[in-house]
Amino acid sequence: MEVQTEMSLDELFQHPLFIEAAQDGIDVQRVLGLKLTDDFDEEAEIDELQFYVTRVGFAVSHALTWVQQLHHAVHFMTEFKYSKKASNAGVKKFHHLLYNVENYLIRLASAYDRCLQLTNAVFHLCMSEEQVNHGAIVSNLHVARAKLPGLLKAVRKAIKDEAQERHRLVHHHSLVDPELRRIELFYMQSKETWGDGREFSFEKLVYVRGQMVKRFTVRRKKEFEAINAELVNALGPLFDGLLVEYRRQKSRLTKLV
């Protein structure tokens, strides 16, 4: 039995779907007389094939960048620098950690939205961005015939365990994590508010809360890294399926223009 190897983020950036779409987009710019540094003029007259490859190139690039940012977010969790500017702004290590954890969770769920937009572009469904959702895409006859729904569901499965946290963050309240809330309470204390006569000194408190942050960060980083790995592994087969359709659509449109 063949053992499936894990795909890295760098390997995903080397996927033929991204490489071909990027090159096709560059070719369109060249035909239009645009440099790579020039802004694409949406008012320019282009044929349907040029419109198609440009749209797919934009969608796949944004999907990959979004996934890349999820990997960066894990790194940012531990990159807090104590500085006078941060201190004057009232920013503490806890605030930095909370911001990056919540930022990761919000972006994670949106990664699947990018996949749906990419599928919309590759299959040339021409749905408006507002109309694109899971039900509309997986129930589409063309997408279903290409056996893409199962691949899309695998991507959604990779991030589903964090979906409820993201929903609460966006629509109700900040992250609810008992361990994180206890850390927050400790970071609300200063040397003045802690005072004397406690069971242990403020210096001891600083040490204890630092260790709590370290344990929490290690746990969350491990969780997020596992999610990122599963997401990338699910994106590989999805990109394989989308590549087949991308080439088919290009061949079809080439005959029409």
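Each value in this text was obtained by applying a stated rule to the coordinates, not by laboratory testing. Being a predicted model, the structure only gives us computed values, none of them experimental. Counting neighbours? That spans all protein chains shown, and the Cβs are built from the backbone with ideal geometry, glycine included.
Cross-link partners for LYS160 among the lysines, with Cα-Cα distance under 27 Å and sequence neighbours closer than 8 places in the same chain left out: LYS147, LYS214, LYS221, LYS222. For the range 92-131, backbone nitrogen atoms closer than 20 Å to the point 7 Å from VAL218 Cα along Cα-to-C-beta are found at 93-94, 97-98, 101. Taking the Cα atoms only, what angle lies between the long axis of helix 16-31 and the longest principal axis of the chain, rounded to 10 degrees? Tilt of helix 16-31: around 60 degrees. Considering helices alone, the calculated mean residue ellipticity of the chain at 222 nm is -23000 deg cm²/dmol, with DSSP H runs of length four and up weighted by -39500 (n - 2.57) and normalised per residue.
Restricting the range 182-257 to trypsin sites (Lys or Arg not before Pro) that sit in a DSSP loop and have at most 12 other Cβ atoms within 10 Å of their own Cβ leaves ARG198, LYS255.
Sorting TYR82, TYR52, TYR104, TYR207 by the number of Cβ atoms found within 10 Å of their own Cβ, with the fewest placed first, yields TYR82, TYR207, TYR52, TYR104. Using only the alpha-carbon atoms, how far is helix 48-76 inclined from the longest principal axis of the chain? Give it as 0 to 90 degrees, nearest 10. Around 20 degrees separate the two axes.
Taking Cα atoms, how many degrees apart are the long axis of helix 178-187 and the longest axis of the chain, rounded to 10 and kept between 0 and 90? Computed tilt is about 50 degrees. The residues packed around GLN50, meaning those with a beta-carbon under 10 Å from its beta-carbon, carry a net charge of -4 if Lys and Arg are +1 and Asp and Glu are -1.
The local environment of PHE186, defined by Cβ-Cβ distances under 12 Å, has a net charge of +4 under the rule Lys, Arg +1 and Asp, Glu -1.
If r is the Cβ-Cβ distance from GLU102 to VAL208 and R0 is 25 Å, what FRET efficiency results, to the nearest 0.05?
Efficiency computed from Cβ-Cβ geometry: 0.60.
The residues LEU34, LEU17, when put in order of fewest to most other Cβ atoms within 10 Å, stand as LEU34, LEU17. Cβ crowding within 10 Å ranks ARG30, ARG156 as ARG30, ARG156, fewest other Cβ atoms first. Mean sequence separation of contacting Cα pairs (under 8 Å, at least six apart), scaled by the length of the chain, corresponds to a relative contact order of 30 percent. Averaging 1/r over every pair of different alpha carbons in the range 180-257 and inverting the result gives a Kirkwood radius of 17.3 Å. A Förster distance of 41 Å, applied to the separation of the beta-carbon atoms of VAL257 and SER87, puts the FRET efficiency at 0.10.
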